[in-house]
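Handing you a structure now.
The values are calculated or read from the model by the stated rules, or taken from the named source; none is laboratory data. Nothing here was measured: the structure is a model prediction, and the numbers come from that model. Neighbour counts are summed over all protein chains in view; Cβ atoms, including those assigned to glycine, are modelled from backbone coordinates with ideal geometry.
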Amino acid sequence: MTATTTGPRLSRRVQELPASQTLALAARAKALAAEGKPVISFSAGEPDFTSPSLVGEAAKAAIDAGDTHYPPVPGTAALRQAIVDRVKRETGHVADPGRVLVSTGAKQVLYNLIHALVDPGDEVVYASPYWVSYPAMVQLAGGRGIPIPTRAEEDFRLTPEAVEGALGTKVKAVILNSPSNPTGAVMSPEDMKAIVKLCLDRGVTLISDEIYGGLVYGDAKHTSAFSVDDPRVAENVVLVDGVSKVYAMTGWRIGYAVGPESLIKAASKIQSQSTSGACAIAQAASAAALDKAGEDAERMRQAFARRCELATELFKEIPGVRVPQALGAFYVFPDFSAYYGSTIEGTEITDSLALSELLLDKALVAAVPGGAFGADGHLRFSYALGESEIREGIGRVKDLLAKADPQPKG
Ligand SMILES: Cc1ncc(COP(=O)(O)O)c(C=O)c1O
């Protein structure tokens, strides 16, 4: 075959993968800030806090001890032990370190797991709104994502009945994400238990992404899939977690899975042929976080709880905006669809992307369009920023929307 171009001929796989709206918007916000514009960014998916100091000290000690060689592919013995200890402490589930895989962030853990499970044509079920990477990872593995719609009016509840209705013969896995990115919704113990049991009964792997599990507020309680009392949990439930969000350690890039040995081994085999494992020094730092940084994590959680309340109250003051009550993670997900069809200074608000572009251009506020998460009526605002910025930023949103014509009814 003769090539028609001298440049690289990219794979169909990558060409079919949608570009990330989230990153494009974040890049524009950064460019405006670099020009000296007072941009307030609610787009970050990470805590604004720096990592606890004991984390840095553990990393320095690892360097001084010469801990600079390839670690074992599935993770260092010390970190895998710290993970099984934490899982036992938090959920009561007893696992041995052979059932643990440590990767370069929970993102890579999920990527490895999905590639270890999904053959072309297989289906993976998750709630919509969903974290942007679930459909992309399933697609990259040749599978088909099956989003189950959930509604703001029902607190984005994913019912066991809806999951059951989606479990066709091609479904290999169900992904749960509680607390949720982007909605902040938290599953009830009853729903968690019912969905775990349903997956076990049907022989479908349950991947429970609990990366925000330590970030719940008010009366909300986090229920881990591993806390469900059923001896079969060890056979087909995988817990995904990491240090990024709860310990403010996004840059260290450490996440982990605890699950059935056959799946952990398969995912580890993929890792052995791609990254060979996660940074040894970051693993030492993460073990210290899991063992000793509980107080730091609690201090940050309390700050997020205050900000969640503040941001929710401020959005409620904007006419026409509906604000679902977030109970966890660090996002609020208001519904702005009452403004769609209105015009602000000559620009029509057609969808969540148009509104987020307007907010950035005219109010210097960055938020992520809900369309990226399968919920075009909404925008995601991360409240991982200081309280005065939260006030100022949401005040700007309110002022801009006051210029919309027509104003939403009711
Ligand atoms: C729902 C969810 N899962 C997993 C991750 C991955 O986190 P990390 O790769 O930083 O551990 C994120 C990060 O944004 C997330 O929001």
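Can you tell me which condition residue 299 does not meet? The list is (1) assigned to a helix (DSSP H, G or I); (2) within 18 Å of residue 211 (Cβ to Cβ); (3) of a type in the set (Lys, Arg), and all the others hold.
The number of the failed condition is (2).
Kindly list, by first and then second residue, each pair from a residue in the stretch 135-149 that is under 24 Å from residue 164 (Cβ atoms) to a residue that is in a strand (DSSP E or B) and among the hydroxyl-bearing types (Ser, Thr, Tyr), limited to pairs with Cβ atoms under 6 Å and residues at least 6 apart or on different chains.
Final answer for the pair search is 147/128; 149/128.
Condition check ((1) in the same structural domain as residue 30 (by TED's automatic domain parsing); (2) hydroxyl-bearing (Ser, Thr, Tyr); (3) more than 28 Å from residue 177 (Cβ to Cβ); (4) at pLDDT 95 or above) across all residues:
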{"position": "338", "(1), (2), (3), (4)": "yes, no, no, yes"}
{"position": "344", "(1), (2), (3), (4)": "yes, no, yes, yes"}
{"position": "357", "(1), (2), (3), (4)": "yes, no, no, no"}
{"position": "382", "(1), (2), (3), (4)": "yes, yes, no, yes"}
{"position": "388", "(1), (2), (3), (4)": "yes, yes, yes, yes"}
{"position": "407", "(1), (2), (3), (4)": "no, no, yes, no"}
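Another question about this same structure. Quick check, is residue 50 of a type outside the set (Gly, Ala, Ser), out of contact with any Lys or Arg (no Cβ under 7 Å at 6 or more places or on another chain), touching a residue at least 60 places away in the same chain (Cβ under 8 Å) and in a helix (DSSP H, G or I)?
Taking the combined requirement at face value, the residue does not satisfy it.
Looking for whichever is touching a strand residue (DSSP E or B) at 6+ places or on another chain (Cβ under 6 Å) and of a type in the set (S, T, N, Q) here; the options are 188, 208. Which one fits? Step through it out loud before you land on a result.
Working: 188 fails: touching a strand residue (DSSP E or B) at 6+ places or on another chain (Cβ under 6 Å).
Within the list 188, 208, the selection yields 208.
Of these, 57, 46, which one is modelled with pLDDT under 95, out of contact with any strand residue (DSSP E or B) (no Cβ under 7 Å at 6 or more places or on another chain) and not polar (S, T, N, Q)? Write out each step before concluding.
Working: 57 fails: modelled with pLDDT under 95.
That would be 46, the only listed residue that is modelled with pLDDT under 95, out of contact with any strand residue (DSSP E or B) (no Cβ under 7 Å at 6 or more places or on another chain) and not polar (S, T, N, Q).
Name the residues in the stretch 91-146 that are more than 15 Å from the ligand (Cβ to nearest atom), assigned to a loop (DSSP other than H, G, I, E, B) and more than 23 Å from residue 76 (Cα to Cα), would you?
Within the stretch 91-146, 118, 119, 120, 121, 122, 141, 142, 143 meet the criteria.
This table checks each residue for (1) in the same structural domain as residue 244 (by TED's automatic domain parsing); (2) surrounded by fewer than 24 Cβ atoms within 10 Å (Cβ to Cβ); (3) under 20 Å from residue 234 (Cβ atoms).
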residue	(1), (2), (3)
104	yes, yes, no
112	yes, no, yes
118	yes, yes, no
129	yes, no, no
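Could you list, in sequence order, the residues of the stretch 176-222 that are within 16 Å of the ligand (Cβ to nearest atom) and under 16 Å from residue 235 (Cα atoms)?
206, 207, 208
Six or more apart or on different chains, Cβ under 7 Å: which pairs go from a residue in the stretch 82-109 that's more than 13 Å from residue 241 (Cβ to Cβ) to one that's of a type in the set (A, V, I, L, M, F, W, C) and within 16 Å of the ligand (Cβ to nearest atom)? Could you list them?
Listed by first residue and then by second, the contacts come to 99/258; 104/278.
While we're looking at this one, here's another question. Applying the selection to the stretch 374-410, what residues are over 23 Å from the mean Cα position of the chain (by Cα) and either polar (S, T, N, Q) or not in a helix (DSSP H, G or I) (or both)?
Answer for the stretch 374-410, where residues must be over 23 Å from the mean Cα position of the chain (by Cα) and either polar (S, T, N, Q) or not in a helix (DSSP H, G or I) (or both): 388, 402, 403, 404, 405, 406, 407, 408, 409, 410.
Among the candidates 43, 53, which residue alone is among the hydroxyl-bearing types (Ser, Thr, Tyr) and touching a Phe, Trp or Tyr at 6+ places or on another chain (Cβ under 9 Å)?
43
Test residue 210 against the criterion of being among the acidic types (Asp, Glu) and under 17 Å from the mean Cα position of the chain (by Cα), and give yes or no.
Numbers: among the acidic types (Asp, Glu): yes; under 17 Å from the mean Cα position of the chain (by Cα): yes.
So residue 210 passes the test.
Follow-up question, since we're still on this one. Take residue 218 and decide whether it is on the phi > 0 side of the Ramachandran plot and within 21 Å of the chain's Cα centre (by Cα).
Yes: the conditions hold for residue 218.
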